[in-house]
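A short write-up of the structure that comes next.
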Amino acid sequence: MAPKAWAEWSMALSYLALGMVSLHAAMRTAQASRGAAAGFLLQALAAATMLAPGLGTDEDCLAGAWVATVIGLPLLAFDFHWVNGDRSSANLLLGGGMVLAVAGDHLGAEGRSVAAQAVLLVVAVTILIVAVFTTNTYGMWGGVMLGAAGLLSRLEEDRLLLLPKEDVCRWVLAAGSWAYHQALHSQRLQWE
């Protein structure tokens with residue numbers, strides 16, 4: 001298989017995995033947690049816009065990924081904090097994401113990249129902290145995977161594990177989203 005064709009397949013498979021995991025998580029959490037379901041749905045829609053040819057321009061796809069990061073991820077963390085009684089952190093995360101979403105047009109490309117990675121790492125760390133204190137193993141794995149995706153995206157290498165760096169980040173983000181979905185499910189079972 002030619003290297004260019006492999007790169008296209010790798011990109012498509014990573015977006016497909018992220019989209020399918022996120023869509024499955026959105027459907028499974030819709031009844032119990034509309035905030036988390038909306039966050040997962042934003043991730044699924046952003047992945048779908050990157051897969052669908054002719055759906056929009058590259059700028060539209062990047063805008064979708066921006067919104068999925070600065071609003072979708074804080075929505076996921078919002079529910080995790082809210083259920084555990086940490087309402088101030090939940091509101092702060094979601095409010096910060098909304099402010100960044102609105103301010104995105106005023107930031108340059110590098111500013112948006114740094115802000116998106118900061119949101120990803122803040123969400124990962126706060127989920128990890130809550131998961132440690134509530135002994136939620138899936139939450140711990142989800143926090144570690146989300147944090148790893150943020151850290152991997154900052155590496156200067158173009159390829160990791162024989163794949164393009166962006167594809168590896170999407171695979172790790174998909175694994176983190178799956179673990180986070182399981183964390184929400186186990187958390188709901190504890191409260192029932």
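Things to note:
- Looking only at residues of the stretch 165-179 that are open to solvent by 80 Å² or more (accessible area, probe 1.4 Å) and farther than 18 Å from residue 74 by Cα, we find that the one that is modelled with the lowest pLDDT is 166.
- Residues located in the stretch 15-66, provided they are of a type in the set (Ser, Thr, Tyr), at pLDDT below 85 and touching a Leu at 6+ places or on another chain (Cβ under 8 Å): 33, 49
- The C-beta contact set for the stretch 142-154 (first residue among the aliphatic types (A, V, I, L, M), second residue open to solvent by less than 40 Å² (accessible area, probe 1.4 Å) and not in a helix (DSSP H, G or I), distance under 9 angstrom, 6+ apart or interchain) comprises 152/160.
- None of 182, 187 is modelled with pLDDT under 85 and in contact with a helix residue (DSSP H, G or I) (Cβ under 7 Å, 6 or more places away or on another chain) except 187.
The values are calculated or read from the model by the stated rules, or taken from the named source; none is laboratory data. As the structure is a computational prediction, the values presented were derived from the model and not from experiment. As a convention, Cβ positions derive from the backbone with ideal geometry for all residues, glycine included, and neighbour counts pool all protein chains shown. Accessible surface is based on the protein model in full, side chains and every heavy atom, while ligands, DNA and RNA are left aside. Shrake-Rupley method; radii C 1.70, N 1.55, O 1.52, S 1.80 Å.
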